[in-house]
Structures are given as structure tokens and as C-alpha cells.
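**Q** Submitted below is the structure of interest, expressed as C-alpha cells.
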Amino acid sequence: MTGQGRRRRSAVSTGAIWAVAAWALLAAVRPPSGTMHSMVGWSAFGQIPGVPFGSDGQAGSEQATRAAVEAYNLGVKYTNAGNLQQAIASFGRAIQLYPRFARAYCDRGLALAMKGDFERAIADLNVAVKLDPKDTSALLNRGLAYYRKGEPEKAVADYDRVIQLDPRSADAYRERGLIRAMQDEFDQALADLDNAVRLAPTDTSAYTSRAIAHNRRGDLERAIADYSQVIRLDPKDAEAWTDRGHARAMHDELDAALTDLNHALELAPESPTAFFGRGFVYSRKGELDRAIADYNQAIRLDPKYADVYRARGYALALKDDFEQALANLDHARQLAADDSATWLYRGLTYARKGEPNKAIADYTEAIRLDAKYAEAYFHRALALLGKDDVEQAVADYRQVISLDPRSPQAYKQWLRSEGVKNSDQPVDRLESLLLKSKDEATAHYRKGYEHHKQGELDQATGEYDQALRLYPRYAQVYYNRALAYRKQGKLEAALADNSRAIRLDPKYVLAYLNRGLVHYEMRRPDEALADFEKVLEINPQNEAARQGREFLVKQRSGGG
């Protein structure tokens with residue numbers, strides 16, 4: 001369910017506020033006159049040929065230390081072969097022979113963590129760090145163990161320490177960036193992941209992690225570009241073909257998605273995720289029997305794959321097999337009780353079955369589990385509209401646009417992709433009801449604009465907030481609020497508002513320019529360059545974008 005917004009013009013004639021960064025090359029610009037997946041990997045040692053030393057440089061007897069090395073090397077072999085229990089025993093033998101063997105503690109901690117025994121893993125890694133405080137591998141592994149144990153703050157602290165010890169550690173930037181992406185701290189996440197890619201340009205996991213961040217942010221085009229880079233580096237990476245196929249499906253590139261997923265299954269014929277992804281594409285294409293066949297295969301390969309039961313359940317609902325649909329959805333709930341998407345799709349099934357009250361209850365539960373779930377608000381709005389609860393329906397629809405700005409046509413496509421008939425009428429009615437609030441929103445916009453001109457930024461953003469609460473389709477208000485946020489140093493908020501303005505008006509040149517400047521201030525020159533190039537694609541004569549691009553290209557080549 002994806003798409004982009006369409007253009008909406010402002011009713012304000014005073015024009016948009018233009019704020020130029022303190023950027024020497026752009027100083028001449030003047031105002032316009034008219035406006036888990038899981039964490040990537042552990043850091044393992046290879047075999048060592050000689051006597052192990054801790055940070056104190058001391059070893060035991062030659063015979064004991066040689067035996068410790070042999071036990072350690074055997075543990076490494078077992079780890080690489082996936083025989084974790086024997087690896088743990090071998091590392092334990094090495095530690096018995098040489099109690100200050102930091103590497104053995106580190107790699108036993110790794111093996112324990114790989115088994116999911118995070119308490120014991122962290123205990124071993126604590127010893128490894130104490131014996132050798134500058135061992136970045138032990139810190140990296142402990143960071144991953146902390147994250148998987150559900151303690152991301154401690155994980156980030158370990159990655160911070162690694163970066164202090166080794167500012168060129170691509171692994172630390174990658175893992176810290178991925179954690180930040182999972183916490184929706186996208187500015188910091190992408191800065192870290194850009195560093196990971198810069199430091200390790202052939203590391204496929206760095207591009208995969210950045211793709212995950214872009215995907216979570218809703219920037220599917222950049223996610224697809226990163227997955228494509230993974231495929232260029234490793235054409236036999238079945239997971240990359242699967243991930244790109246899914247991203248393309250979400251971007252409504254269904255034929256390209258199907259090609260990717262077919263290739264993924266050629267590379268990995270027993271991949272449940274590839275079957276799930278291809279089933280999703282078939283479902284989007286309306287080929288429900290093929291979709292269900294692929295979901296059956298995915299469940300055969302992984303009987304506890306909750307997402308597949310959910311997807312198969314809704315495919316059955318689209319065939320009006322409600323009994324089997326609800327059985328699948330209830331099984332998905334048993335496997336993953338806190339999965340908001342399962343509640344959404346059970347609500348859709350009840351709606352299709354003609355039970356709107358049950359549908360509303362399930363949408364409400366989905367929202368309780370995920371307060372930013374735009375699709376749950378959207379479907380609850382439609383259900384409430386069907387019950388003539390107009391006020392609450394419009395309130396939910398405002399939430400939809402605020403959370404996931406799209407054109408009305410894109411929301412209609414959501415319904416069409418779900419097999420809903422007469423998809424235009426309810427969306428058109430909601431748009432008509434929403435439009436009644438535009439005049440009041442414009443009054444707040446004008447007040448905010450006057451505060452903004454006077455430099456009263458808190459008052460300005462307060463009025464802009466009111467305008468957008470009433471009429472969240474106001475692209476120019478998002479743009480102006482982004483300018484205010486940027487001047488206040490709230491760069492992530494500025495970035496988000498510029499992106500919302502662009503989604504509502506894909507040719508909004510000023511929003512691209514300002515977002516490019518924000519990217520630059522956040523030390524993300526590649527993202528800034530992409531925005532300036534987009535401006536030049538829309539308007540090749542734009543001088544600000546031309547100068548910005550020239551500056552960044554010169555800087556990249558070492559001349560700036």
C-alpha cells in the first residue's frame with residue numbers, strides 16, 4: 001500500500017519564507033518573489049598460531065598455553081561449522097588451561113549469544129573487555145548481545161566506545177546505525193550508515209542496513225537502490241533479491257518485483273521468505289490462487305511464520321472463505337499476539353464479511369499496538385463513515401494524511417489492492433468533508449506566517465500546527481514549518497516536514513532545495529546532492545540547485 005502525493009496549492013498570496021543556509025557558495029541566492037531484520041553479524045576471531053596474551057602481556061607455562069591455543073582453534077572450527085555446543089566446550093577448555101585468555105572469553109561469548117543465551121554471553125564478554133579493554137571485537141559482540149537482549153542503550157554505548165578506539169570501524173557505524181533506525185532516529189541512523197558504506201564500500205551488510213533504514217523511513221526508491229548495490233556486489237545473494245522484490249512490490253513495481261522473487265527462488269528454492277514475498281506480489285496482482293499456493297509453501301518450510309498465516313488469511317478472505325480466513329488470522333495472533341498488522345487484516349476480513357463493529361474493534365486494537373499505523377486509521381475512518389460517525393471518521397482521516405501523506409488516488413489504490421469495490425466513493429467523501437476545514441486552516445497559516453516574518457518561531461510553529469491539524473494536505477505549511485524548525489536547529493523535524501511537503505507536491509522545488517540544505521547540515525552530502533539533482537530535473541534553470549550541486553561535486557572530488 002504505497003504511493004505518492006499530488007500537488008496542492010496554497011491559498012496564501014504572501015509567498016513562502018525562504019531561509020538560506022550559512023553556506024558560502026549559496027550566499028548569493030535570493031528569496032523567490034512569489035512564494036531485526038536481525039542485526040548483521042558477530043565479530044569473530046580466526047584461528048591463532050601462537051601463544052595468547054591478555055593486555056598484561058603475560059602467559060602461563062608454554063605447555064599449557066599451547067594446549068589452550070589448540071582448544072581455542074578447535075572452538076573456532078566448531079563455531080564456523082555451526083556446532084555451537086562443542087565450540088562452547090572447546091573455548092571453556094581453553095579458559096581452564098589459561099584463565100586470562102581474553103580471546104577465548106570473547107568467542108565463547110559469541111557462541112553463547114548465537115545460541116540466545118545472552119546473560120552468559122554478556123558475562124563472558126565482560127571478562128574479555130576487562131582483560132583487554134581495547135579489544136574492539138569483544139565490544140562489538142557485547143553490543144550485539146545487549147541489543148538482542150533488549151538493551152539498545154547499552155549496545156550503543158559499546159559501539160560509541162569502539163568508534164572512539166577505532167574511528168574507521170565500519171562494523172560499529174553499521175550496527176549503531178541499524179539500532180538507531182529501529183528506534184526511528186533516522187538522521188543519526190543514516191549518518192552512521194553513510195559512514196559504514198564510505199568506510200567499507202564493498203560490504204554488502206552496510207548497504208543492506210542502510211536499505212532497511214530507508215525502508216522504515218518510507219523512502220522505497222533509496223531502499224531499492226541500496227538493495228541493487230548489494231546485488232551488484234553479490235549477484236547470488238538470494239536475500240537481497242528477495243528484499244528488493246518486496247520493496248519493489250511496496251513501490252507498485254509488481255512485474256519487476258515478480259522477476260526479482262523468481263530469481264531469489266532460483267537461487268534459494270527452499271526460502272520461505274521468497275515464497276512469502278512472491279505470494280504477496282501475486283496477491284497484489286489479484287492472482288489469489290497463486291498467492292495461496294506460495295503461502296502454503298512458505299508455511300511448509302516454516303510452520304511458525306506468523307506473517308504468512310496473516311497473508312494467507314486475508315487472501316482467503318478475498319475469496320470470501322471467511323471461516324478459513326479467520327482461522328489463519330487467529331493462528332497468526334497466537335504466534336505473534338502484538339502484531340498490529342494481524343489485527344488490521346482481521347478487521348478487514350470482518351468488514352468484508354459485513355461485521356463493521358468487530359472490524360472497528362480490531363482496527364482500534366491495531367492502533368493501540370502501533371499509534372502511527374496509518375492504514376489502521378484509514379480503515380477505521382471508512383468503517384466509521386459507513387456508520388455515519390462523520391466527526392470521528394474525519395479525525396481519523398486527518399491522522400492518516402499526517403502520518404502518511406499521499407494523494408487521494410493513492411488511498412483509493414489501497415482499497416483497490418485489497419479487492420474493495422467502489423473504492424472511489426468513500427475517499428471522495430472524506431476529502432470533501434476535510435476540505436470544509438481549509439478556510440480555518442488558512443487563517444492559522446496566515447497568523448503563523450506573520451509570526452515567522454517577525455522571527456517569533458515558537459508562535460509560528462504553533463499556528464502552523466493548528467493549520468495542519470485542521471487541513472493536513474497543506475504542503476506549503478509543511479514547508480514553512482520546516483524552515484522554522486531548521487532555524488531552531490530541529491533538523492530531523494525539518495527533514496520530515498520537507499519530505500511531507502514533497503510527498504503532497506512531488507514538484508515542490510523549494511522543499512527539495514531546503515531539504516537538500518538540511519541534509520548538508522546533517523553531514524549527508526550524498527542525500528543533499530540527490531535533492532539538488534531532483535530540482536534540476538524539475539527545473540534545469542534553477543541557479544540555487546546548480547550551485548549546490550557544483551559545490552558538492554567539487555567537495556567530493558577533494559576540491560572543496
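The values are calculated or read from the model by the stated rules, or taken from the named source; none is laboratory data. The structure presented is a predicted model; accordingly, all values stated were derived computationally and were not measured. As a convention, Cβ positions derive from the backbone with ideal geometry for all residues, glycine included, and neighbour counts pool all protein chains shown.
**Q** Could you look through the stretch 62-89, keep only residues that are over 39 Å from the mean Cα position of the chain (by Cα) and of a type in the set (G, A, S), and pick out the one that is farthest from K115 (Cα to Cα)?
**A** The residue in question is A64.
**Q** Of all residues in the stretch 125-152, which are among the basic types (K, R) and not in a loop (DSSP other than H, G, I, E, B)? Outline the logic, then answer.
**A** To start, the set of residues in the stretch 125-152 that are among the basic types (K, R) comprises 130, 134, 142, 148-149.
Answer for the stretch 125-152, where residues must be among the basic types (K, R) and not in a loop (DSSP other than H, G, I, E, B): K130, R142, R148.
Every residue, every condition in (1) surrounded by fewer than 22 Cβ atoms within 10 Å (Cβ to Cβ); (2) farther than 27 Å from R222 by Cβ, yes or no:
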{"residue": "Y471", "(1), (2)": "no, yes"}
{"residue": "A475", "(1), (2)": "no, no"}
{"residue": "Y478", "(1), (2)": "no, no"}
{"residue": "R481", "(1), (2)": "no, no"}
{"residue": "R486", "(1), (2)": "no, no"}
{"residue": "A493", "(1), (2)": "yes, no"}
{"residue": "R503", "(1), (2)": "no, no"}
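**Q** Could you say whether any residue in the stretch 338-347 is surrounded by fewer than 16 Cβ atoms within 10 Å (Cβ to Cβ) and modelled with pLDDT under 95? Walk me through how you get there before you give the answer.
**A** Just the residues of the stretch 338-347 that are surrounded by fewer than 16 Cβ atoms within 10 Å (Cβ to Cβ), to begin with: 338.
Those left that are additionally modelled with pLDDT under 95: 338.
Checked against the condition, which is being surrounded by fewer than 16 Cβ atoms within 10 Å (Cβ to Cβ) and modelled with pLDDT under 95, the stretch 338-347 yields at least one hit.
**Q** I need the full set of residues from the stretch 416-430 which are buried (at least 21 other Cβ atoms within 10 Å of the Cβ) and either among the hydroxyl-bearing types (S, T, Y) or at pLDDT below 85 (or both), in order please.
**A** If the condition is that a residue be buried (at least 21 other Cβ atoms within 10 Å of the Cβ) and either among the hydroxyl-bearing types (S, T, Y) or at pLDDT below 85 (or both), then no residue fits.
**Q** What's the number of the only condition in (1) under 26 Å from F280 (Cα atoms); (2) modelled with pLDDT of 95 or more; (3) among the basic types (K, R) that R398 fails to meet?
**A** Here R398 meets the rest and fails (1).
**Q** Exactly one of (1) at pLDDT 90 or above; (2) closer than 28 Å to H444 by Cβ; (3) among the charged types (D, E, K, R) is unmet by R503. Its number?
**A** Here R503 meets the rest and fails (1).
**Q** Follow-up question, since we're still on this one. Restricting to helices (runs of 4 or more DSSP H) lying wholly in the stretch 206-281: which have 3 or more residues that are closer than 22 Å to Y295 by Cβ and touching a Lys or Arg at 6+ places or on another chain (Cβ under 7 Å)?
**A** On the way: elements: 220-233, 238-250, 254-267.
Qualifying helices (runs of 4 or more DSSP H): 254-267.
**Q** If you don't mind, another one. Mind checking which residues of the stretch 460-505 are of a type outside the set (F, W, Y) and not in a helix (DSSP H, G or I)?
**A** The first filter runs over the stretch 460-505 and keeps only residues of a type outside the set (F, W, Y), leaving 460-463, 465-470, 472-473, 475-477, 480-484, 486-505.
Selection gives P472, R473, Q488, G489, K490, D505.
**Q** For the stretch 420-454, which residues satisfy the criterion of being over 19 Å from L385 (Cβ atoms) and assigned to a loop (DSSP other than H, G, I, E, B)?
**A** Selection gives Q454 alone.
**Q** Yes or no: the stretch 385-392 includes at least one residue that is hydrophobic (A, V, I, L, M, F, W, C), at pLDDT 95 or above and surrounded by 23 or more Cβ atoms within 10 Å (Cβ to Cβ).
**A** Here is the first cut: in the stretch 385-392, the residues hydrophobic (A, V, I, L, M, F, W, C) are 385, 390.
Checking which are at pLDDT 95 or above leaves us with 385, 390.
Within this subset, residues satisfying the condition of being surrounded by 23 or more Cβ atoms within 10 Å (Cβ to Cβ) are none.
No, because not a single residue in the stretch 385-392 is hydrophobic (A, V, I, L, M, F, W, C), at pLDDT 95 or above and surrounded by 23 or more Cβ atoms within 10 Å (Cβ to Cβ).
**Q** Still on this structure: For E527, indicate whether it is at pLDDT below 95 and charged (D, E, K, R). Reasoning before the result, please.
**A** Values: at pLDDT below 95: yes; charged (D, E, K, R): yes.
It is true that E527 is at pLDDT below 95 and charged (D, E, K, R).
**Q** Scan E533, E527, E543 and give me the residue that is over 25 Å from the mean Cα position of the chain (by Cα), more than 30 Å from D396 (Cβ to Cβ) and acidic (D, E).
**A** E543
**Q** In addition: Condition first: buried (at least 24 other Cβ atoms within 10 Å of the Cβ) and polar (S, T, N, Q). Now tell me which residues in the stretch 261-285 satisfy that.
**A** S283
**Q** Could you identify the single residue in K387, K372, K358, K412 that is among the basic types (K, R) and in contact with a Ser or Thr (Cβ under 8 Å, 6 or more places away or on another chain)? Step through it out loud before you land on a result.
**A** Numbers: K387 fails: in contact with a Ser or Thr (Cβ under 8 Å, 6 or more places away or on another chain); K372 fails: in contact with a Ser or Thr (Cβ under 8 Å, 6 or more places away or on another chain); K358 fails: in contact with a Ser or Thr (Cβ under 8 Å, 6 or more places away or on another chain).
Only one candidate qualifies: K412.
**Q** List every residue pair whose Cβ atoms lie under 7 Å apart, where the two residues are 6 or more positions apart in sequence or sit on different chains, the first residue falls within the stretch 381-398 and is farther than 18 Å from A361 by Cβ, and the second residue, located anywhere, is small (G, A, S).
**A** Y397/A381
**Q** Tally time: how many residues in the stretch 123-135 are surrounded by fewer than 20 Cβ atoms within 10 Å (Cβ to Cβ) and either over 16 Å from D160 (Cα atoms) or at pLDDT 95 or above (or both)? Working first, answer last.
**A** Within the stretch 123-135, the subset surrounded by fewer than 20 Cβ atoms within 10 Å (Cβ to Cβ) is 123, 126, 130, 133-134.
In the following step, the residues that additionally are either over 16 Å from D160 (Cα atoms) or at pLDDT 95 or above (or both) were identified as 123, 126, 130.
Number satisfying all stated conditions: 3.
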